[in-house]
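The values are calculated or read from the model by the stated rules, or taken from the named source; none is laboratory data. This structure is a prediction, so every number in the text was calculated from the model and none was measured. Neighbour counts run over all protein chains shown; Cβ positions are idealised from the backbone, glycine included.
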Amino acid sequence: MDDDLPKTNQTLRAREEEAVFKRLLVPLDGTRRSASIVPLAIQIALGFKCSVRLLNVVDTRSGEVGAIVPKGGVGMLVEGEVYQADEYLRTIAPRFEDHGIPTSVEVRIGDPVKEIMGASDEFACDIITMATRSRRNLGRLVFGSIADAVVRESRIPVLLFRVAA
């Protein structure tokens, strides 16, 4: 029986070195609700010793139909949103860095689901963590959910943290 002990210890050490998750994507939209995932994401990053990419997507899909915007105005509006999103992520990053977690920030422009999937592929993520609010069936049917779409489209695990609406 003692002969089995060293093999077991070697196997355990090999499994510890072989991290399940190496890169964690944390999409945040600037709300308190989305930021509620941060403490859990920190624990995951610490537990698996993985690096983190904080992501914010400036959603260009919506807008006021029929709104009159001066020439170049849309670009200036988006530029301002990108700046605010970057500043926001840079206020969140130290919460990870204070724990020694390698952290980067990225702001993308476009459809949130497509951009989350793109960032996930480009960063070679192993897991996505995001907060979602609980909607009743009718609300989900009518409005859909970015988190739901990410779960459906992702090829990697997605951990959703449900927050009260």
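Laid out as a table, the results:
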read-out: Check on Leu89, of a type in the set (A, V, I, L, M) and loosely packed, with under 15 Cβ neighbours inside 10 Å; value: no
read-out: All positions within the range 130-165 that are part of a helix (DSSP H, G or I), over 15 Å from Asp111 (Cβ atoms) and either at pLDDT 90 or above or in contact with an Asp or Glu (Cβ under 8 Å, 6 or more places away or on another chain) (or both); value: Arg140, Val151
read-out: Tally of residues being in contact (Cβ under 8 Å) with a residue 60 or more places away in the chain and basic (Lys, Arg) across the range 26-60; value: 2
read-out: Any hit, the range 89-107, residues being out of contact with any strand residue (DSSP E or B) (no Cβ under 7 Å at 6 or more places or on another chain) and either in a strand (DSSP E or B) or farther than 23 Å from Gln43 by Cα (or both); value: no
read-out: Residue count for the range 107-134, restricted to those that are in contact (Cβ under 8 Å) with a residue 12 or more places away in the chain and surrounded by fewer than 16 Cβ atoms within 10 Å (Cβ to Cβ); value: 5
read-out: Residue in the range 51-72 that is surrounded by 16 or more Cβ atoms within 10 Å (Cβ to Cβ), assigned to a helix (DSSP H, G or I) and modelled with pLDDT of 95 or more present; value: no
read-out: Extreme residue, modelled with the lowest pLDDT, among residues of the range 1-50 that are β-branched (Val, Ile, Thr) and closer than 30 Å to Val113 by Cα; value: Val20
read-out: Yes/no for Ser104 being modelled with pLDDT of 90 or more and small (Gly, Ala, Ser); value: yes
